[in-house]
Amino acid sequence: MEQYLSKLEMVRERLMYMGYWDRIESNWNMIMTAVMAAAVVFAILNCFWGYQMMRLWMSIIALVIGGIVGGVFALRTFDDKNTIFIAAVGCGMVMAMLANLVYRLGLVILCGGLVFLVFEILFPMASMAVHMGFVALGIVAGIAAFSYEDVLVTWVTGIGGGLGAARVVCMLLKVENPWIAIVAGVLIAALGIRFQYGNMKKDPDVEKRQRKLREKRGE
C-alpha cells in the first residue's frame, strides 16, 4: 500500500512541477461534477443498449485504462507535454485494439466486473470475506458469459447500468438514503432490460449472434 501511495505522490509532484496541479485543485468540484455526469450517461446507455454496444464499451474502457497507464508511465519518464500526450494516446489505442481482438477475454472481464460492482453498490459495508465472495461471483459470471452471452450481458448491463445511474444521481443530488438509489436503480434496470430485449428482436445482426449461441448450447 505504501508503495502505491508513494507512486501517487510522485505523480502529484510531477503534475505540480508541470503546472497542472494548481489548475486541478482550483477546478476540482467542476471536474468531479463533469465526471459524475459522464458516469450517469454511460450507465444509462449501458442499461438500455448494453448488449448492442458491448464491443464499443470494451474499446472505450480499454482506451481509458491504456491512456491512464501510458500517461502515468510517460509522466514519470518525460518532461515534454507533447511526448506525454502522444504516449497516453498511443497506449490507449493499442489497448482498445487488443480489446477488440480478444473479445471473449474482454467480455469475461467486463461481465465479471459489472457483477462485482452491483454487489458492491448493494452491500458497501460488507466484510472482507464477503467482498472476496463478490469477486468469486464476478469470476463465475464472467466465465458463464462464454455460453450465455446474450442473456448474461443483457441482464448484467441492465442491472449494473440502472443501479449505477441511480447511485450517481443520488450522489449528485446529495440523497443519503441508500434505499432510494436501490429502488430507483431496480426500476431503471427493469426498463432497460425490457428495452434491450425489444431491440434484440428488431436487430437482424443480434438475432444472428443469438442463433449461433443457441446452436453452440445445443438448443
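Bear in mind that the values in this text are calculations on the coordinates, not laboratory data. Note that the structure is predicted; figures quoted are calculated from it, not measured. In this analysis, Cβ positions are derived from the backbone assuming ideal geometry, glycine residues included, and neighbour counts consider all displayed protein chains.
Miscellaneous remarks
- Taking each residue as 0.36 nm, the span from residue 85 to residue 68 lengthens on full extension beyond its C-alpha to C-alpha distance by 5.1 nm.
- Taken over region 34-98, the ratio of Cα radius of gyration to 2.2 N^0.38 Å equals 1.31.
- Tensor-based shape of region 131-194 (alpha-carbon gyration tensor, a/c under 1.5 rounded, otherwise prolate or oblate): oblate
- Extending 7 Å from the Cα toward the beta-carbon at both residue 38 and residue 132 defines two label points whose distance is 3.5 nm.
- Using a simple spin-label model with pseudo-atoms 7 Å out from Cα toward Cβ, residue 98 and residue 78 lie 1.9 nm apart.
- Listed peptides 171-178, 34-41, 67-74 appear in the order 67-74, 34-41, 171-178 once ranked by packing, highest mean of other Cβ atoms within 10 Å at the front.
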